[in-house]
1. Residues that are open to solvent by 70 Å² or more (accessible area, probe 1.4 Å), assigned to a loop (DSSP other than H, G, I, E, B), polar (S, T, N, Q) and farther than 26 Å from LYS132 by Cα: does the range 88-101 have at least one?
2. Being basic (Lys, Arg), over 29 Å from PHE119 (Cβ atoms), modelled with pLDDT under 95 and out of contact with any Pro (no Cβ under 7 Å at 6 or more places or on another chain) narrows it down to one residue among ARG39, ARG56; which is it?
3. From the residues in the range 70-81 that are more than 11 Å from ILE105 (Cα to Cα) and surrounded by 11 or more Cβ atoms within 10 Å (Cβ to Cβ), which one is modelled with the lowest pLDDT?
4. Is it the case, given these coordinates, that VAL60 is out of contact with any Asp or Glu (no Cβ under 6 Å at 6 or more places or on another chain) and not hydroxyl-bearing (Ser, Thr, Tyr)?
5. Quick one: LEU133 ticks every box in (1) over 24 Å from LEU42 (Cβ atoms); (2) open to solvent by 60 Å² or more (accessible area, probe 1.4 Å) except a single one, so which number is it?
6. Quick one: which of GLU19, GLU36, GLU61, GLU67 is open to solvent by less than 50 Å² (accessible area, probe 1.4 Å) and not small (Gly, Ala, Ser)?
7. Pairs needed: first member in the range 31-57, under 14 Å from THR81 (Cα atoms); second member anywhere, open to solvent by 70 Å² or more (accessible area, probe 1.4 Å) and among the small types (Gly, Ala, Ser); C-beta distance under 6 Å; at least 6 residues apart or different chains.
8. Residues that are in a helix (DSSP H, G or I), touching a helix residue (DSSP H, G or I) at 6+ places or on another chain (Cβ under 6 Å) and open to solvent by 30 Å² or more (accessible area, probe 1.4 Å): does the range 104-116 have at least one?
Amino acid sequence: MRNQRSIRTTNRSGTTTIEFAVAAPVVLLIIFGCIEITRMSLLLNLAQDACYDAARHAMVEGATTAEATARAQQVLAMFGTKNATIQINDGNGITSTSTHVKVNISIPMRDNAYVLKYFYTNRFINAAFSLKLERYTGYYSE
């Protein structure tokens, strides 16, 4: 006599679809989150480079605020940065009495994000750099 077990066959044809539907959004969110974090890191590095280049350009004799701002915009344009705010010496510009040049750049994250724009409301990437100006102050009295 044969031992007969009741073999129950179950229908599992939709299980893979359900598992994919649950796991796919989480995996995609992680992937796109990593892309956004990498982009924001690149924007921070670019803002720091733009501050440095603008300050180096403005520190020499005869440089103007417009030239420093144009140099910062040129560097920011390399990565397609949108709506960046550039300030030289806290908005006062470079004058004949200036001893330092300080460049501040603020980039809105919402305008420069690819996927997760709505998570970056009122958040900015800020960078600043300051250098002493190379101006002749007069070593010899006349």
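The values are calculated or read from the model by the stated rules, or taken from the named source; none is laboratory data. Since the model is a prediction, treat every value here as computed from it, not as a measurement. Neighbour counts run over all protein chains shown; Cβ positions are idealised from the backbone, glycine included. What goes into the accessible areas is simple: the full protein's heavy atoms, side chains included, and nothing from ligands, DNA or RNA. Shrake-Rupley method; radii C 1.70, N 1.55, O 1.52, S 1.80 Å.
1. Within the range 88-101 (the criterion being open to solvent by 70 Å² or more (accessible area, probe 1.4 Å), assigned to a loop (DSSP other than H, G, I, E, B), polar (S, T, N, Q) and farther than 26 Å from LYS132 by Cα), the answer is no, since none of the residues qualifies.
2. ARG56
3. PHE79
4. Criteria not met by VAL60.
5. Answer for LEU133: the failing condition is (2).
6. GLU36
7. Nothing qualifies.
8. Yes: one or more hits.
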